[in-house]
Every structure is written in C-alpha cells, then in structure tokens.
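Read-outs: derived from the displayed coordinates by stated rules, not from any lab. For clarity, every value in this text was computed on a predicted model and none was experimentally measured. Cβ sites come from the backbone with ideal geometry, for glycine too, and all protein chains shown count toward neighbours.
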Amino acid sequence: MTSAQNAYRIRPTHKAHLRADAAWALFQILEHGHSSREIMPLVFERTPKAKDRAWLQESVFGVLRVLPRLQVYLRLLLEKPLKSQQKIIEHVIMLGMFQSAFMRTSSHAAVSETVEAVKVLKAPQLSGLVNAILRRFEREKIVEHEITQAHAKVNLPKWLFRTLSEAYPENIDSLCEQMNAKAPLFLRINLMEIGLPDYCELLNKAQIAHEIHPPRTVLIKQNVEIPSLPLYESGGFSVQDYAAQKSADLLQVQPGEVVLDACAAPGGKTGAIIEACPALGHIYAMDTDEHRQSKTRENLKRLNHTKRLKARLTIVNGDASDPASFSSLPLFDKILLDAPCTATGIIRKHPDIKWHRKASDVEAICQLQQKILANCWAQLKPGGVLLYATCSILPQENSQQITAFLASHSDASLLAIQGHEHDQQVGWQILPGEQNMDGFFYARLIKSL
C-alpha cells in the first residue's frame, strides 16, 4: 500500500476547528512523514467555506516555510519538549507564533484561539502552558531574537543549505529567498477545447486577474480555488507550472510518432504532449504507482483525451527501473523521462519537501535515475530523442547524471536546447523564480542511427 493510500486511511478525530485542524495537519506532515498533498484534502473536506480553506493552506504552508525560526522560538520558550500524544501541542504553539509574527493576527486572537485549539485537541491540561508561552512570545518580542545559524536564517535544512551553497555560491541568497516564496499558479489551456483568447475572456467575465503567456499559458494573479475556475470540469485547462509546460515543446513530437511518458503519473505532461501534437501515433503513459495512475486516468478523461485518442492512448502500470516492464512495449520515437528526484525545485509549492528529504536520499535517488535512464534508452529507436527532466536543482541528479550517462553510452549525444547549453553546461537548469518558474532541469539526448 502506498503512503498516499495510507494517508487516506487516517482522519482527524477531534471536532472540526480551523486551528486544531491546521495543527493536526502539521503533526501528520512533520511527525508521521505524510506529504501535504495527502493530508491537506483531509482537512479541507471538513471546511465548507473557501476563505477558511485558504486560511488553512496559508497557515500550514507558512509554518512549513519558516519552521527553523519557529523551532528556535519554541526552544527559547518551552523548557522541555512535549512527548508522545502531547507532541501535537508543540505544533499548536508554533501555529500561534506564526499567526502572531507573520499573519498579522492580533495578539488577543492569536492567544485565545490557539488556546481553544488545545482544548479541542483534548489536552485542556496544557492550555495554561500554551497561554503563558504565547503571551511571553508577545511580551518579550521573541520574534526579534537573532537567528545565528546560517541555514535557519534562510529556513532550510542544514544539509540542503550546504549543498546549494556549494552548487550556487554566487546566488545562494536569492535562491533561498525564491525557494521560500509562494508559488505562482500557471494554467495550461487545453487548446483542443478552447482558444487562449476565448478562455481569457471567460476569466475577464469572472473578474479573475491574469497574465497571458502565448501560445497556451495563463498566470492567475489572485487567490482562487482551482475547481471554481472556468471550464475546470469540462477539461478547459490543467494546472501546470510554466517550467513543466516546456517538456512538450522540447520533446517536439511529430505526427505518427510513438511516444512514451516513462514516469507519467498523475498525467500532466502526458496531457501536454497530446495537446502539442494531437496527431501523434500512440502515447504510452507508464508509472509504477497504481494509486497515482488512477489520477492519470482521471486527468486524461477530464481533458477529454481518453475519448479523443481512444486506442492511441495506453496507460501502463509498470516500473521503469525494471527492464521486464518494457517487454510488451514497442520501441519509441520519443521518450519523456521525468525522473524521480528530490523535488528540490518545487519546494515553494510543496514546502514539506524540505523536511521529508535527507542528504542520504540523494545517492539512492541518483542510482534509481540511472537505472531508469538506461532502461528507457534501450527502448528508444535509433535516431530517437529522449528528454530527461527533473524538478530538482541538485547537480548530482541533473547535469552530473547526464554527463555520466554520455560518458558510458557512445550512441548518445546532446541535442542542444537552443540558448541554454554550451561547452561548460550540460542541459538547461532552471532555478526557482526564473521567469516565475519552478526549479527544473532538462537535457535532450539523441540516439545515433
């Protein structure tokens, strides 16, 4: 059973209460290792009002973004760490401190509502402690306490700050700032359903501020709930970062070609490839996670691609790191390998990634990438093109991975991405915030005839 399936087996047992729900979400994410993508829907379903769901998102993600600072404050104010089932109250306290310091919540509201959350979470015996800590936080202006550790100043884990400082010494400050910023909301308009000008007219009628990026992209410039946007149910758009949208353009699929999206779930890039070349011969969307593959099916059905392509679309439950998964598949003209990675390029979108990844993960992930890359390369036709992609900004997973692959495969050469590669640079490394994009990496490889 996957972690996502496990997450959906748990539910909050306390009565619905915004601050208690936010603390419960933080507890599940930070203490039990669940991802925000798994946990947040469980608290949203208890929250009927859109403004309250927005508050939950801002509060939980906000705490995750500045967690090291809040932990410093907590250590100053809490004599002994709380243990066992009481541990969740530490998250209540950090939430209260975040409200007071970063959300401009009034001191009275931050204290009283946080204390009420303690009672809702069935720990009334700790309400006095929480009340005293938050009042002292305000009275002693703890938020002005100097943070001395370099990694804590920029709200990153120590290992990640060290790795990025070595890789990007000249722009580490701006990089950290961007990684802790809020992510923009980009839409990829499904031009098979509606033209870009017509969709923007629907946004105008709905009074939704936006910015146009032809030929198919819109940046939404205000807070919205995705399902409330025009044509969501009928497949008028997909939510996809501007960097991720580049995959279909760089793959350059031609009519009649047979294509593999090797690590496809939940199908965002599969849809983009179909929309960029509706006349492709056949596209296979492979992924090893059956739960996430169900999302691939849902997404492609919502976009009407399942009906449109019919027999030219095949969804494969297979492990790209296992050669046996390719045994029944054809050779491919084009392969998109959006490889498993540390996801360090999308931390601003999913700040819990910072606290789930460890330095020891990198080597194991690189080995997995190497296996998948070799298997996909064996399945590529001579003259075919493989586009390697990650949402990472670590060189080990990106330029170093491709350099090593080129050195060990004489039939592989770079097909340069115009303007982004030169003798000293392998691939196109996008850093968070460049043209408002997520952190992403692309390298395009061509197989000799």
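Give the residue from Ile10, Gln85, Leu30 lying farthest towards the positive end of the charge dipole for the range 3-148; charges sit on Cβ (+1 for Lys and Arg, -1 for Asp and Glu) and the dipole is referred to the Cα centre. Comparing the listed Cα positions along the dipole, Ile10 ranks first. What are the trypsin sites (Lys or Arg not before Pro) within the range 168-220 that DSSP puts in a loop, where the Cβ has at most 12 other Cβ atoms within 10 Å? Within the range 168-220, no trypsin sites (Lys or Arg not before Pro) qualify (loop, at most 12 other Cβ atoms within 10 Å). Loop-located GluC sites (Glu not before Pro) in the range 171-233 (DSSP state other than H, G, I, E, B) with a sparse environment of at most 15 neighbouring Cβ atoms within 10 Å: Glu225, Glu233. Working value for the range 185-239: equivalent-ellipsoid semi-axes of 14, 12, 10 Å, each the square root of 5 times a Cα gyration tensor eigenvalue, largest first.
Let me know the shape class of the range 305-382, please: from the alpha-carbon gyration tensor, a ≥ b ≥ c as square roots of the eigenvalues, rounded when a/c is under 1.5, otherwise prolate if a/b is greater than b/c, or oblate. Oblate is the answer for the range 305-382, as a/c is 1.5 or above yet b/c matches or exceeds a/b. Footprinting exposure proxy ranking of Thr344, Thr114, fewest other C-beta atoms within 10 angstrom first, gives Thr344, Thr114.
Calculated mean residue ellipticity at 222 nm for the chain: -13500 deg cm²/dmol, from DSSP H runs with n ≥ 4 weighted as -39500 (n - 2.57), summed, divided by the residue count and rounded to 500.
Using Cβ contacts closer than 10 Å as the measure, can you line up His34, His108, His91, His356 from fewest to most? Present the calculation step by step, with values, prior to reporting the outcome.
On the way: His34 23, His108 9, His91 26, His356 17.
Lowest count first: His108, His356, His34, His91.
The convex hull around the C-alpha trace of the range 214-370, projected and averaged over every direction, spans 10.4 square nanometres.
What the Cα atoms of the range 3-148 give is an Rg and a Dmax of 14.5, 44 Å. Among bridges DSSP assigns within the chain, what percent are antiparallel (round to 5)? Counting only bridges with both partners in the chain, antiparallel ones make up about 55 percent.
Shown here is the pair-distance distribution of the range 251-344: with all Cα-Cα distances grouped in 10 Å bins from zero up to the longest one, the shares run 17, 54, 28, 2 percent. Cβ-to-Cβ counts within 10 Å put Ile220, Ile346 in ascending order as Ile220, Ile346, the fewest first. In this label model, Lys221 and Ala324 are separated by 5.5 nm, measuring between points 7 Å along each Cα→Cβ vector. Note on the range 3-148: Lys pairs 8 or more places apart or on different chains, Cα atoms under 23 Å apart, count 14.
Database remark: amide H of His210 closer than 5 angstrom to the amide H of Lys221 (H placed geometrically; neighbours at sequence offset of 5 or more, or on other chains; Pro and chain starts carry no H). The slack in the chain from Ala364 to Ser112, taken as 0.36 nm per residue of separation less the alpha-carbon distance, amounts to 86.1 nm.
Within the straight-line cut-off of under 24 Å between alpha carbons, the lysines reachable from Lys246 are Lys182, Lys221, Lys269, Lys295, Lys301, Lys334, Lys349, Lys381, Lys447, sequence neighbours fewer than 8 places apart in one chain being disregarded.
With all projection directions averaged, the alpha carbon convex hull of the chain covers 22.5 nm².
Between Gln435 and Leu76, what is 0.36 nm times their sequence separation minus the Cα-Cα distance? Round to one decimal in nm.
Gain on stretching Gln435 to Leu76: 125.3 nm.
Counting Lys and Arg as +1 and Asp and Glu as -1 over every other residue whose Cβ lies under 11 Å from the Cβ of Leu30, the net charge comes to -1. Helix 242-251 axis versus longest C-alpha principal axis of the chain: approximately 10°, rounded to the nearest ten. The residues packed around Leu449, meaning those with a beta-carbon under 12 Å from its beta-carbon, carry a net charge of +1 if Lys and Arg are +1 and Asp and Glu are -1.
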